[in-house]
Amino acid sequence: MGRQPFGLASPAAWLIEAGVDVSCVDLAKQKLAADAVRDAEVVGFFLPMHTATRLALPVIDRVRVINPFARLVAYGLYAPLNEALLHEHGVTHVLGGEFEEDLVHAVINGAGRGGSRTAPTAIPRLQFRVPARDGLLPLTRYATLQVLDERRTAGYTEASRGCKHRCRHCPIVPVYDGRFRVVPAAVVLADVRGQVLAGARHITFGDPDFFNGIRHADVVVRGFGREFPDVTYDVTIKVEHLLRHAEMLPVLRETGCAFVTTAVESVDDRVLATLDKGHTRADFERVVGLCRDARLPLAPTFMPFTPWTTLQGYLDLLHAIERLDLVEHVSPIQLAIRLLIPQGSRMLELEDVRGVTAAFDARSLTYPWTHADPAVDALQAELTELVGVKLSSSRRDVFARVWDLAHDRAGIRAMRHEAPLVSRAAIPYLNEPWYC
């Protein structure tokens, strides 16, 4: 996601403490050196997301050719979801949530706790170490925060992992199944401290939901604000938690929060209920007002294309974004996101979803699905191409193109309000936007 990878830095600290020589390679930024692979006894692959897993498979095959004697380990959210496929590619250990301790066992002893650990009931409580970042690329190689005319070097950490909620489409659920684990505030702040000393002027908290443990979050942000008054941060928080803990919004603002990402997904209450999101359209609209009152920029994310999307429903989403003055708050990629159904997804619990999905595709690592209305799939494909080639365009310009295309495909004419109510420059944003 354009950040220095916590999923390398955290296990590196555990392995180094155990006396293991560790080399970290971020394949999003670096080439894999054949010499390093030949010298390795164990090669671990961090698979936090769907795209990372797809990209890793040919690298795993290449590593086996270069060094057929190395033991291969895969860890991260998408490792257990694709366990059988990873074993086919020669991976011997597959570790899911809270992987650090098991990774040490796998490296030193040749076995994790009982072999591969993927079951939701086996989520341990770890004594977290401060991540070891010395072996990673400098923060200047990663995403930056744009604030007015200033560009700030950004770091990344995690104050908690997993999630107490079970949103039907979320890849966290098959692994954590409603559980979450907090990283002690002292460890979090020590990690931030090291990154600030390395030049960070902004920190992304990558927690799936920063308010899962509200007291913990309160301690972390107040400690952050006291120690790093000139550093900003961003967090991801569910709509329902923003409502439930609305009194914390001014605290976020006062302690340096630059913006809050929230996964809205849809403005259709039927779709939200089907996804088990825990909020309604009215809840989302109320949160927009609360954040505006707190002068806390909101960055909504969406998943507009699902089996229940209609052309009219998509237009309704565009009209809602414009009516709520959120055009400049929404990264254009969010207007084209299509539901992914990976292994283990709760989406497959639904009969109407099973009715539109094909067999699992090992190439895409998903259950492909086709919309009942070909026009909806065609629009999504066109929008993906549109936003994909307009990465440097203004959000308002891209939104206007999306608006025109969607209304044209629906056979409807609708005028937009041309005058922007808020300047894009007034809304901080990362130049490699988060999306899932």
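Accessible area of the chain with a 1.4 Å probe: how many percent of it is carbon plus sulfur?
53 percent
Measure nothing fancy, just the Cα-based angle from helix 374-388's long axis to the longest principal axis of the chain, in degrees from 0 to 90, nearest 10.
70 degrees
How much accessible area does ARG166 have with a 1.4 Å probe, in Å² rounded to the nearest 10?
Here the residue's solvent-accessible area equals roughly 100 Å².
What number, in percent, do you get for the relative contact order of the chain if the mean sequence gap of Cα pairs under 8 Å and at least 6 apart is divided by its residue count?
The value is 13 percent.
As a check on your grasp of the helix formula, calculate [θ] at 222 nm for the chain: sum -39500 (n - 2.57) over DSSP H runs of n ≥ 4, divide by the residue count, round to the nearest 500.
Counting only the DSSP helices, I get -11000 deg cm²/dmol.
Report the full-extension gain for the segment ARG215 to THR384: residue separation times 0.36 nm, less the Cα-Cα distance, to one decimal in nm.
Contour length minus the Cα-Cα distance gives 56.9 nm.
Say each of ALA410 and HIS87 gets a label point 7 Å from the Cα, pointing the same way as Cα to Cβ; how far apart are those two points in nm?
It works out to 4.7 nm between the two label points.
Excluding same-chain pairs closer than 8 in sequence, count the lysine pairs in the chain whose Cα atoms lie under 28 Å apart.
Close lysine pairs found across the chain: 5.
Can you give the accessible area of LYS164 in Å² (nearest 10), computed on protein heavy atoms with a 1.4 Å probe?
Rounded to the nearest 10, that gives 90 Å².
Pop a pseudo-label 7 angstrom from the Cα along the beta-carbon direction at both LEU197 and GLU41 and give the gap in nm to one decimal.
So the two model labels end up 3.0 nm from each other.
Sequence gap at least 6, Cα distance under 8 Å: using those rules, report the relative contact order of the range 27-148 to the nearest whole percent.
Contact order relative to length: 19 percent.
Tilt of helix 281-293 relative to the longest C-alpha principal axis of the chain, in degrees (0 to 90, nearest 10)?
Helix 281-293 sits at roughly 90 degrees to that axis.
In degrees from 0 to 90, rounded to the nearest 10, what is the angle of the helix 185-197 Cα long axis to the longest principal axis of the chain?
90 degrees
Taking the range 176-248 as the region of interest, what is the percent of Cα-Cα pairs per 5 angstrom bin, listed from the shortest bin to the one with the maximum distance?
The calculated distribution, bin by bin, is 3, 14, 27, 26, 17, 9, 3, 1.
Scan [x] 0.94; [y] 1.22; [z] 0.98 for the value of Cα Rg over 2.2 N^0.38 Å calculated from this model and give just the label.
Recomputing Cα Rg over 2.2 N^0.38 Å here gives the entry labelled [z].
Looking only at the chain, where both bridge partners belong to it, what percent of the DSSP beta bridges are antiparallel (to the nearest 5)?
30 percent
Any idea what the dipole of the range 1-147 comes to, in debye rounded to 20, about its Cα centre with Lys/Arg Cβ at +1 and Asp/Glu Cβ at -1?
360 debye
The values are calculated or read from the model by the stated rules, or taken from the named source; none is laboratory data. Predicted model, so just to flag it, every value in this text is computed and none were measured. Please note: Cβ atoms are built from the backbone with ideal geometry, for glycine as well, and neighbour counts cover all protein chains shown. Surface areas here come from the heavy atoms of the whole protein model, side chains and all, with no ligands, DNA or RNA. Shrake-Rupley method; radii C 1.70, N 1.55, O 1.52, S 1.80 Å.
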